[in-house]
Amino acid sequence: MSDSEFYNWLVETKLLSNRSAKDVISRCKRIKNILHTDSLDGFSAEQLLESEDFNNLSMFIKSQLKRALVLWKEYAEAWQTHN
């Protein structure tokens, strides 16, 4: 699962604008940095919520990151059912 495939899914399936889709990709990268991983496979919202780095962010940023993680998980599930 590549960022470009995720981007295309966000634009085509979720009808996000190009800018919004890029923002979601960027937020997913930020989540990976917070969780110290190269992939979001197997990581849950609970693990993100337990992170000290995440908890030090503003409520607005936390909300954006959680939404990005929800979108990524939805994409990952759709990708698995089609492959």
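The values are calculated or read from the model by the stated rules, or taken from the named source; none is laboratory data. Being a predicted model, the structure only gives us computed values, none of them experimental. Cβ sites come from the backbone with ideal geometry, for glycine too, and all protein chains shown count toward neighbours. Just the protein is used for accessible areas: all its heavy atoms, side chains included, with ligands, DNA and RNA removed. Shrake-Rupley method; radii C 1.70, N 1.55, O 1.52, S 1.80 Å.
The set of residues in region 44-71 that are open to solvent by less than 50 Å² (accessible area, probe 1.4 Å) and assigned to a loop (DSSP other than H, G, I, E, B) comprises S44, S51, L57. Candidates are the residues of region 1-42 that are of a type in the set (S, T, Y) and within 14 Å of Q64 (Cα to Cα); the one that is most open to solvent (accessible area, probe 1.4 Å) is S26. Being open to solvent by less than 90 Å² (accessible area, probe 1.4 Å) and part of a helix (DSSP H, G or I) is the requirement here; does W79 meet it? Taking the combined requirement at face value, the residue does not satisfy it. Restricting attention to region 44-69 and to residues that are out of contact with any helix residue (DSSP H, G or I) (no Cβ under 8 Å at 6 or more places or on another chain) and of a type in the set (S, T, Y), the residue that is farthest from K32 (Cα to Cα) turns out to be S58. Pairs meeting the criteria (first residue in region 25-48 and more than 21 Å from W9 (Cβ to Cβ), second residue surrounded by fewer than 14 Cβ atoms within 10 Å (Cβ to Cβ), beta carbons under 9 Å, at least 6 apart or on different chains) are N33/D53; I34/D53; L35/D53.
Of the residues making up region 17-63, those that are under 18 Å from E77 (Cβ atoms) and hydroxyl-bearing (S, T, Y) are S39, S44.
Answer with yes or no whether E74 is free of Cβ contacts under 8 Å to residues at least 12 places away in the same chain, open to solvent by less than 80 Å² (accessible area, probe 1.4 Å) and acidic (D, E). Taking the combined requirement at face value, the residue satisfies it.
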